[in-house]
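Q: Before I ask anything, let me first share the structure, which is written out below as structure tokens.
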Amino acid sequence: MEVGCGAGNTVFPLLDDIYDPRLFVYACDYSNTAIDVVKSSKAYDEQRCSAFVWDLSSAELPPQVEPESVDILLMIFVFSALHPDQWIQAVENAYKIVKPGGIVLFRDYGRNDLAQLRFKKSRLLAGNLYIRGDGTRVYFFTNSELAEIFGRRFEVEQNAIDRRLLVNRKRELKMYRVWLQAKFRKPINAD
């Protein structure tokens, strides 16, 4: 299951590369528009994928997904869009959806990423939470914050910082990126 699937840039390559008939992918996003884009793609196959609108921080689980039925939950640049007040509910939802022994694969913005450093002070909402020009929020995490947030319910298997220097040679521009990449496993003997 991918939360925050956007236009399907992860879901469709996954389905294209893996031909296992047991593979079924749930793709959800907060945006109706994103789900419409996924469903209108030629690659969308309801026999192998179900796309639907769902807010990770909702009090309700999506009716399309049975509790404790998901082996792998992808969260790629989605958690940072949540307000800190929504984090506990979002982690609780992930915990309820993932089966015991299942895993959350996480990638998101790290503290002092170029995107954070480029924000003007007028875009700062609180702490390391900013608002973009389109009205969406973005938070920049530290490893210790992730361990605290997810460690309440999941075992932290990996919690790494991915620092990269990207160079645009044409514009002679250096971009220092900081991303966090983590794996959180639901205990086998989960309650």
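Q: Rounded to whole Å, give me the distance from the Cα center of segment 12-76 to that of segment 142-191.
A: 22 Å
Q: Quick one: order Ser144, Ser80 from most to least accessible surface, probe 1.4 Å.
A: Listed by decreasing accessible area, they come as Ser144, Ser80.
Q: Roughly how big is the chain's charge dipole about its Cα centre, with Cβ charges of +1 (Lys, Arg) and -1 (Asp, Glu), in debye to the nearest 20? Write down the numbers at each step before the final one.
A: Values: 26 positive and 25 negative charges, 255 e Å.
Once rounded to the nearest 20, the dipole reads 1220 debye.
Q: Can you put Ile161, Ile103 in order of accessible area, largest first, using a 1.4 Å probe?
A: Working: Ile161 75, Ile103 20 Å².
Per-residue accessible area, sorted high to low, gives Ile161, Ile103.
Q: Multiply the residue separation of Gln89 and Asp71 by 0.36 nm, subtract the distance between their alpha-carbon atoms, and state the gained length in nm to one decimal.
A: 4.5 nm
Q: Which percent of the accessible area of the chain is formed by carbon and sulfur heavy atoms (probe 1.4 angstrom)?
A: 50 percent
Q: While we're looking at this one, here's another question. Leaving ligands and nucleic acids out of the surface, order Lys120, Lys99, Lys42 by accessible area at 1.4 Å, largest first.
A: The most accessible residue leads, giving Lys42, Lys120, Lys99.
Q: As a test question: what accessible area, to the nearest 10 Å², does Leu74 have when a 1.4 Å probe is rolled over all protein chains in place?
A: 30 Å²
Q: Which FRET efficiency value, to the nearest 0.05, is calculated for Arg152 and Gln181 with the Förster distance at 22 angstrom and r the Cβ-Cβ distance?
A: In this case the efficiency is close to 0.65.
Q: Provide the packing ranking of 56-67, 25-36, i.e. peptides ordered by the mean count of other C-beta atoms within 10 Å per residue, highest first.
A: On the way: 56-67: 13.8, 25-36: 18.8.
Result, highest mean Cβ count within 10 Å first: 25-36, 56-67.
Q: For the chain, report the accessible area per residue in Å² (1.4 Å probe, heavy atoms, rounded to an integer).
A: I get 57 Å² per residue for this part.
Q: Along the Cα→Cβ direction, 7 angstrom out, place labels at Leu124 and Asp20. What is the inter-label distance in nm?
A: With each label point 7 Å from Cα toward Cβ, the separation is 4.6 nm.
Q: Quick one: if the Förster radius is 35 Å, what FRET efficiency do Leu166 and Asp45 give, using the C-beta to C-beta distance and rounding to 0.05?
A: Efficiency for this residue pair is about 0.50.
Q: Right, another one. Taking H placed 1.01 Å from N in the peptide plane, check which residues at least 5 places from Leu74 or on another chain put their amide H under 5 Å from its amide H.
A: Glu2, Val3, Leu105
Q: Hey, another quick one. Under 8 Å for C-alpha pairs, at least 6 residues apart: give me the relative contact order for segment 41-191, rounded to a whole percent.
A: After rounding, I find 25 percent.
Q: Using unit Cβ charges (K, R positive; D, E negative) and no other charged atoms, how large, in debye to the nearest 20, is the dipole of segment 1-104 about its Cα centre?
A: Dipole size: approximately 100 debye.
The values are calculated or read from the model by the stated rules, or taken from the named source; none is laboratory data. Bear in mind that the values here come from a model prediction, so they are computed numbers and not experimental data. In this analysis, Cβ positions are derived from the backbone assuming ideal geometry, glycine residues included, and neighbour counts consider all displayed protein chains. Please note that ligands, DNA and RNA were not included when accessible areas were found on the heavy atoms of the full protein model with its side chains. Shrake-Rupley method; radii C 1.70, N 1.55, O 1.52, S 1.80 Å.
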